[in-house]
Amino acid sequence: MKIGRILVIASICVSALAFTAAMAHADHADDRAKDRIDEIYERYQEAEPPTHLGEVGYIKLKKLHPTQIGYGERERESKYEKLLDFGKHKRRKYLLKNIIPVVLFNDQYYLVDHHLFALGLMDYGKNKTLIRLVRKMEADSEEEFYAQMIDENLAFPYDTKGNRLTPKQMAQKIPSGLEDMVRDQFRDLAGDVRDAGGFEKAEGAYFLDSVWANYFRKNIKIGRGEGAYKEAVKEGTRLALSPASSHMPGFIGAGNKCAIAIQPKITSKIAI
């Protein structure tokens, strides 16, 4: 009995030591990963705004130009709250994971994704962020520039009422800065329907939620109050998953698991 008990205790001790060693190894690996994140982030922080395709740089948020008019306030708040919850290393990892893709035209940088992320950063108090240059445009006028951007699905040519805008109207109506963007409740609705599993967002897809926002704008009414909004999310999710929405990008209902996304022309193009 004593020998058996000793063997059991010895086995427990060995297991405990192995677990402690494993945890120490994991902690060491985690420390190395944190050091690597810090190294990359700090190197990017010293970089100038990019001028070559694929380059990453650091730029003031106020110097970034949006390529859509509306935004969702709820998701903006969600981005802000996520930044608040993160510690230094998690926040840096999050920032590295969400490097903002931009187009360079006439020495100005235009976002083609992560508008809400950028707004969340501004709310958090960040003055600068990381950007990656994905396209360089040459045009004789801002109108011609937006014509190219629309043709390559790098701008969203609709106002917050769902009206299609011409390149000339885009040049006139697109806000000059992120802080001038307009709240769009249907953009909120699209984001919440996506989070509820109504449709999928593919990696690198631009303006997908905005496309769904316009679709919901034509088919759903949002009443006043939180309760009415929640009902609209339920109704939107049912609509998104129904066969009636099978033509929409990112559709996953009716057994269709093949998510199609609005992509920049450099990969594939689907008309909005």
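The values are calculated or read from the model by the stated rules, or taken from the named source; none is laboratory data. Just so you know, these numbers come straight off a predicted model, no measurement behind them. Using ideal geometry, Cβ is built from the backbone for each residue, glycine included, and neighbour counts are taken over all protein chains shown.
Tabulated values for the structure
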quantity: Number of positions in segment 136-188 that are closer than 25 Å to K221 by Cβ and polar (S, T, N, Q); calculated: 3
quantity: Qualifying residue in segment 132-144 (condition: assigned to a strand (DSSP E or B), among the hydrophobic types (A, V, I, L, M, F, W, C) and within 23 Å of G120 (Cα to Cα)); calculated: yes
quantity: Any hit, segment 129-136, residues being more than 12 Å from P49 (Cβ to Cβ), within 19 Å of the chain's Cα centre (by Cα), at pLDDT 95 or above and of a type in the set (A, V, I, L, M); calculated: yes
quantity: Which numbered condition L104 misses (of (1) surrounded by fewer than 20 Cβ atoms within 10 Å (Cβ to Cβ); (2) under 25 Å from I59 (Cβ atoms); (3) over 16 Å from the mean Cα position of the chain (by Cα)); calculated: (1)
quantity: Complete set of residues in segment 222-256 that are crowded, with 16+ Cβ neighbours inside 10 Å and either in contact with a strand residue (DSSP E or B) (Cβ under 7 Å, 6 or more places away or on another chain) or part of a loop (DSSP other than H, G, I, E, B) (or both); calculated: I222, A240, S245, M248, P249, G250, F251, I252, G253
quantity: Close pairs from segment 224-244: first hydroxyl-bearing (S, T, Y), partner part of a helix (DSSP H, G or I), Cβ under 6 Å, at least 6 apart; calculated: T237/V193
quantity: Any hit, segment 64-85, residues being exposed (fewer than 14 other Cβ atoms within 10 Å of the Cβ), among the aliphatic types (A, V, I, L, M), in contact (Cβ under 8 Å) with a residue 24 or more places away in the chain and part of a helix (DSSP H, G or I); calculated: yes
quantity: Members of segment 137-153 that are crowded, with 22+ Cβ neighbours inside 10 Å and at pLDDT 95 or above; calculated: F145, Y146, M149
